[in-house]
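S.K.: Mind having a look at this structure? Questions to follow.
The values are calculated or read from the model by the stated rules, or taken from the named source; none is laboratory data. As the structure is a computational prediction, the values presented were derived from the model and not from experiment. Positions of Cβ are backbone-derived with ideal geometry, glycine not excepted, and every protein chain shown enters the neighbour counts.
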Amino acid sequence: MDFLAAHWLDITTTILGLAYILLEYRASLWMWAVGFMMQSLGIVLYYQKGLYADCGMEFYYLSITIYGYCKWVGIGTKPSYSEKHREALPIRHIPRGIALRWSLIMMAAWATIYWLLVTFTNSTVPLADSFTTALSLIGIWALAHKYLEQWLIWIAVDVVTCILYWHKDIPFKASLYALYVVIAIAGYMKWKREAHHSRINSGQNLMNSGQNLKNNGQNLI
């Protein structure tokens, strides 16, 4: 009982985290609701464990969770978009220009967060904590936009976080992040296949539309 009392937040957020990654693997909208609950509890957990960068990051996650849900369902898109487009944001690649820009932002964020942890907190792991926090800034943004490469970002985050949590005596979350690495690799492959099929279907639809226009034109003649 003492063990459960000491680790109940760790256990609860681990269960929610497992549900979250499986829903992400399936590209399910329910991922955002589960993520909101997980992040809310994570604020308390990380503060108690002295992972102040991770704690602060949860507030960012909460805001991006709301943004990501709205982005996926099409809330805020232009009225001229069709309902079909609004309901299904396609899996796509991060444009090269945006990738470069966000890489520079990540490096700047890493340096800034590291300085804040060293200067204003008693963190014993400022380098790793600031790295995972800064890289996660990019990862959750990429997920909100449904970019395929978000899985590669999370693989790097998950490997470092797994080691960090074992070091900070958060064993259930550490085990979860080890599992995350495996699921992230599988998720990348799955999303890559879906993106490929989506491009093929889009091309076929364009060809069919072109053929229909041609037939209609011939009928008018």
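S.K.: List pairs: first in segment 44-65 and without any contact (Cβ under 8 Å) to a residue 40 or more places away in the chain and under 22 Å from TRP8 (Cβ atoms), second crowded, with 17+ Cβ neighbours inside 10 Å and among the basic types (Lys, Arg), Cβ under 9 Å, 6+ apart or cross-chain?
M.R.: CYS55/LYS49
S.K.: Let me ask something else about it. I'm checking my understanding of the structure. Among residues of segment 1-17 that are aliphatic (A, V, I, L, M) and out of contact with any helix residue (DSSP H, G or I) (no Cβ under 6 Å at 6 or more places or on another chain), which one is surrounded by the most Cβ atoms within 10 Å (Cβ to Cβ)? Show your work before the answer.
M.R.: Filtering segment 1-17 down to residues aliphatic (A, V, I, L, M) leaves 1, 4-6, 9, 11, 15-16.
Now drop any that are not out of contact with any helix residue (DSSP H, G or I) (no Cβ under 6 Å at 6 or more places or on another chain), which leaves 1, 4-6, 15.
Details: MET1: 5, LEU4: 9, ALA5: 7, ALA6: 10, ILE15: 14.
Residue satisfying both the conditions and the ranking: ILE15.
S.K.: Here is a follow-up. Could you give me the residue pairs with C-beta distances under 9 Å whose first residue belongs to segment 176-202 and is farther than 25 Å from MET38 by Cβ and touching a residue at least 40 places away in the same chain (Cβ under 8 Å), whose second residue is basic (Lys, Arg) and surrounded by 14 or more Cβ atoms within 10 Å (Cβ to Cβ) wherever it lies, and which are 6+ apart or on separate chains?
M.R.: The qualifying pairs are ALA195/ARG92; SER198/ARG92.
S.K.: Which members of segment 42-55 meet the condition of being buried (at least 17 other Cβ atoms within 10 Å of the Cβ) and part of a helix (DSSP H, G or I)?
M.R.: Step one: list which residues in segment 42-55 are buried (at least 17 other Cβ atoms within 10 Å of the Cβ), which gives 42-43, 45-46, 49, 51-55.
Across segment 42-55, the qualifying residues are GLY42, ILE43, LEU45, TYR46, TYR52, ALA53, ASP54, CYS55.
S.K.: Another question, then. What pairs come out if I take residues in segment 69-96 that are of a type outside the set (A, V, I, L, M, F, W, C) and pair them with residues that are part of a helix (DSSP H, G or I) and at pLDDT below 55 whose C-beta lies under 6 Å away, six or more apart or interchain?
M.R.: Here the result reads GLY74/ARG86; THR77/ARG86, each pair linking segment 69-96 to a residue that is part of a helix (DSSP H, G or I) and at pLDDT below 55.
S.K.: Name the one entry in LEU137, LEU117, LEU152 that is without any contact (Cβ under 8 Å) to a residue 60 or more places away in the chain and either part of a helix (DSSP H, G or I) or farther than 26 Å from CYS70 by Cα (or both). Write out each step before concluding.
M.R.: On the way: LEU137 fails: without any contact (Cβ under 8 Å) to a residue 60 or more places away in the chain; LEU117 fails: without any contact (Cβ under 8 Å) to a residue 60 or more places away in the chain.
LEU152 is the lone residue from the list that is without any contact (Cβ under 8 Å) to a residue 60 or more places away in the chain and either part of a helix (DSSP H, G or I) or farther than 26 Å from CYS70 by Cα (or both).
S.K.: Out of curiosity, is ILE21 touching a residue at least 12 places away in the same chain (Cβ under 8 Å), in a helix (DSSP H, G or I), under 17 Å from the mean Cα position of the chain (by Cα) and surrounded by 17 or more Cβ atoms within 10 Å (Cβ to Cβ)? Lay out the reasoning, then the answer.
M.R.: Working: touching a residue at least 12 places away in the same chain (Cβ under 8 Å): yes; in a helix (DSSP H, G or I): yes; under 17 Å from the mean Cα position of the chain (by Cα): yes; surrounded by 17 or more Cβ atoms within 10 Å (Cβ to Cβ): yes.
Answer is yes for this residue.
S.K.: Only residues that are surrounded by fewer than 23 Cβ atoms within 10 Å (Cβ to Cβ) and under 15 Å from the mean Cα position of the chain (by Cα): list them for segment 160-185, please.
M.R.: VAL181, ILE183, ILE185
S.K.: Sticking with this one: Please identify the pairs in which a residue from segment 156-167 that is farther than 14 Å from SER130 by Cα has its Cβ atom under 6 Å from the Cβ atom of a residue that is among the aromatic types (Phe, Trp, Tyr) and crowded, with 16+ Cβ neighbours inside 10 Å, counting only partners at least 6 apart or on another chain.
M.R.: Listed by first residue and then by second, the contacts come to CYS162/TYR177.
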